[in-house]
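J.: Structure in structure tokens, see below.
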Amino acid sequence: MSEIDSLMQGMALILTPHHIGLMVIGVLLGILVGVLPGLGAPNGVALLLPLTFTMEPVSAIILLSCMYWGALFGGSITSILFNIPGEPSSVATTFDGYPMARNGQAGEALTAAFTSALLGALVGVLLLTFLSTRIAEFAMEFSSPEFFAVYLLAFCTFIGMSKNPPLKTVVAMMIGFAMAAVGMDTVSGELRLTYDQPWLLSGLSFEVAVIGLFGIGEILCTVEEGLVFRGERARITPMTILRTWAKLPRYWLTWLRSALVGCWMGVTPGGPTAASFMSYSLARRFSKNRDNFGKGEVEGVIAPETADHSAGTSALLPMLTLGIPGSATAAVMLGGLMIWGLHPGPTLFVEQHDFVWGLIASMYLGNVVSLIVVLATVPLFASILRIPFSIIAPIIIMVCSIGAYSVHNSMFDVGLMLIFGALGYLFKKLGYPIAPLILAAVLGDKAEDAFRQSMLFSDGQLSIFWSNPLVGSLTTAALLMLFWPLLARGLKALFGTRQGQARHVS
Amino acid sequence: MSNTTDTPLVATRWVEIGLALFTAVLGGIVMVGAVEIGIGWSDTGPEAGYFPFYIGLLLSAASVGNLILALLRTPTMSAAFVGRKAFGQVLAVFLPITLYVIAMPFAGIYLASAVFIAWFMWRDRQRSKPYGIALIATISCGAALASYLIFSLWFKVPLDSGVLGDLVAVVGGSLK
């Protein structure tokens, strides 16, 4: 099969000491940002971006994607040992992971978490290996209206499916779009929304927003809640690992279900966080040990971790094939791709064959490397969290400032980061989501181009978005997603009354 | 997540209203900017302000929606947004960061960072074992040095050393 050939080529490309070294560095940095409060996968990747400008794209994406895997693993360490989710997507892991650690089963919980994370990620990569070429081929036929409809679908899904209030999601998203519009208009070359201010000429970069919203905002929230690290000790011996592995096969059904949930939520913009919660609640509903959930049930660790990682990896499928990221981190990576001069989307598979397959091959290897590295370094990273906050916080703030500065070598960006930090704190406390803002800031220009070109084709008629079955069904699906909360409420009301009647009859 | 013993500073409603007004104004600014460059059609199709105008419009409309919701929903909105003590802690971190950012163009990233870290550690004296001067100096200077090694030397991304740094460079150059 041609996929296997391409994969082998990719493997040959990445199996060099240089690339394996980059993987280990990426994973270590990733675990570090995953473990530290205030830093997470999205801003870890954003901080590292300016350093990759001089690298080969393949090396750069290996470094960044391995950082992503590392951050996902790092998030589980803090969830299990400290009851502090390092990443939003590992919140569900704390439900049973921390109780297990308190019962003295920290080693088992960590091994189960890491192993199921690896298995979940592998399912995501398999999906990517065998589906991406087909989806890319299919998407090659897309023209501007189809592309805009796909963007619309992504954005509407965010609004309709988000746990946050829809209007707040819209506000966050529109701020992102407005940010993307500042500076030079990509179509006419005109300057816009600069209000004659020289510091607005080069536009507002999404990296600065990521660093401010996630980094500084997170630190401020952490300070307000008053940080208490009460960690459990972890000792992972080879015996613990082997014993846990021997127990794992009996959970194959949980694992399979969680991987499927993860892949689905990763490909659609539900994201890893939604995937891990959903998978946890499904596992609790179907488990034989239902009563033990929340008290330290290993199944309650396996389910969210598998879903989290399979969603994380499969989020790269729409990013590579359609240019639409399925998670905040994937959005930042997509921005990186554009900065390196690559055009995410179906043409990537033809023009940048080596890059795509190098990345896919590195995902197999990178996840295995992650598992080995993370098992070996758990005690080291757990001890980092025991460093007092008054040392770790200023260093994190310094790293964020340097990161914001190095995007354009501009002090203005550091000030902007601070403003976004304050905004991030308010957003977090008032339930405004951050991911849609980032997604819109990265994709704004591309969505606008697609929209304006479609309008050119149709002479300003919106009916072009229903001009053929493909674009019509995409647009309709987008609108359905947008109004999903209302529809769901209507359906529930309908079914609710029916069930009520049925109960009456019986 | 404010403490129960902490006296409330401000009700959530007011913060909600403030943020909604802010985003509504932001939308207005975007619309004004878009109108300036033209939101209609020209010979070459939609003008540059066409798309941003609707972005601004949606932003303002959604903000007004949030504003109305904040005014209508009584029970949840009267809850405290943040306690006095907790907000004091937030300010105790936010204000130093602001000073740090303001000082950066003058003092340069390295010096500002070293002082910032040192001050942060020095302030935390009420802990059972205050940090010694040696530890403070090692960590703050070490962090600045590490950022110099990683960014300037290794990745060749020079960081702004500020007016003071330029002065040192000039003096150093004249000594040679």
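Condition check ((1) in a loop (DSSP other than H, G, I, E, B); (2) among the hydroxyl-bearing types (S, T, Y); (3) under 30 Å from B:L67 (Cβ atoms)) across all residues:
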site	(1), (2), (3)
B:F106	no, no, no
B:F116	no, no, no
B:W122	no, no, no
B:G142	no, no, no
B:A146	no, no, no
B:S152	no, yes, no
B:K156	yes, no, no
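J.: Here's a check for you: in the stretch B:123-141, which residue that is facing chain A (nearest Cβ under 10 Å) and under 29 Å from B:P158 (Cα atoms) is surrounded by the fewest Cβ atoms within 10 Å (Cβ to Cβ)?
T.: B:L135
J.: Next up: Among the residues of the stretch A:107-144, write down those that are over 19 Å from the mean Cα position of the chain (by Cα), in a helix (DSSP H, G or I) and aromatic (F, W, Y).
T.: Those that are over 19 Å from the mean Cα position of the chain (by Cα), in a helix (DSSP H, G or I) and aromatic (F, W, Y): A:F130, A:F138.
J.: Now, a different point. Name every residue in the stretch A:401-433 that is within 23 Å of the chain's Cα centre (by Cα), within 9 Å of another protein chain (Cβ to nearest Cβ) and not small (G, A, S), in order of residue number.
T.: A:M417, A:L423, A:Y425, A:L426, A:F427, A:K429, A:L430, A:Y432
J.: Name, by its number, the condition in (1) within 9 Å of chain A (Cβ to nearest Cβ); (2) surrounded by fewer than 16 Cβ atoms within 10 Å (Cβ to Cβ); (3) over 30 Å from A:I396 (Cα atoms) that does not hold for B:T98.
T.: It is condition (3) that B:T98 fails.
J.: Any chance you could count how many residues in the stretch A:183-216 are of a type outside the set (S, T, Y) and either crowded, with 24+ Cβ neighbours inside 10 Å or in contact with an Asp or Glu (Cβ under 7 Å, 6 or more places away or on another chain) (or both)?
T.: 14
J.: While we're looking at this one, here's another question. Which of (1) under 30 Å from A:K428 (Cβ atoms); (2) more than 21 Å from the chain's Cα centre (by Cα); (3) polar (S, T, N, Q) does B:S152 not meet, given it meets every other one?
T.: (1)
J.: What is the one condition in (1) part of a helix (DSSP H, G or I); (2) out of contact with any helix residue (DSSP H, G or I) (no Cβ under 6 Å at 6 or more places or on another chain); (3) away from chain B (no Cβ under 14 Å) that A:G104 does not satisfy?
T.: Answer for A:G104: the failing condition is (1).
J.: A further question on this structure: Go through the residues of the stretch A:273-281 one by one and say whether even a single one is modelled with pLDDT under 85 and outside any helix (DSSP H, G or I).
T.: no
J.: Here's something else I'd like to know. When B:L72 is evaluated against the numbered criteria (1) more than 9 Å from chain A (Cβ to nearest Cβ); (2) in contact (Cβ under 8 Å) with a residue 40 or more places away in the chain; (3) more than 19 Å from the chain's Cα centre (by Cα), which criterion, by number, is the only one it fails?
T.: The number of the failed condition is (2).
J.: Oh, and also: For B:L91, work out the one condition from (1) of a type in the set (A, V, I, L, M); (2) at the interface with chain A (Cβ under 7 Å from one of its Cβ atoms); (3) in a helix (DSSP H, G or I) it doesn't fulfil.
T.: B:L91 satisfies every listed condition except (2).
J.: Out of all the residues in the stretch B:142-154, which are facing chain A (nearest Cβ under 9 Å), touching a helix residue (DSSP H, G or I) at 6+ places or on another chain (Cβ under 7 Å) and either closer than 17 Å to B:A92 by Cβ or not small (G, A, S) (or both)?
T.: First, pick out the residues of the stretch B:142-154 that are facing chain A (nearest Cβ under 9 Å): B:143-144, B:147, B:150-151, B:154.
From what's left, touching a helix residue (DSSP H, G or I) at 6+ places or on another chain (Cβ under 7 Å): B:143-144, B:147, B:151.
Within the stretch B:142-154, just B:F151 meets the criteria.
J.: Okay, next question. Please determine whether any residue of the stretch A:377-388 is within 12 Å of chain B (Cβ to nearest Cβ) and either touching a Pro at 6+ places or on another chain (Cβ under 6 Å) or surrounded by fewer than 21 Cβ atoms within 10 Å (Cβ to Cβ) (or both).
T.: yes
The values are calculated or read from the model by the stated rules, or taken from the named source; none is laboratory data. What you see is a predicted model, and the numbers here were worked out from it, not measured in a lab. Don't worry about glycine lacking a Cβ; one is built from the backbone with ideal geometry, like all the others, and counts go over all protein chains shown.
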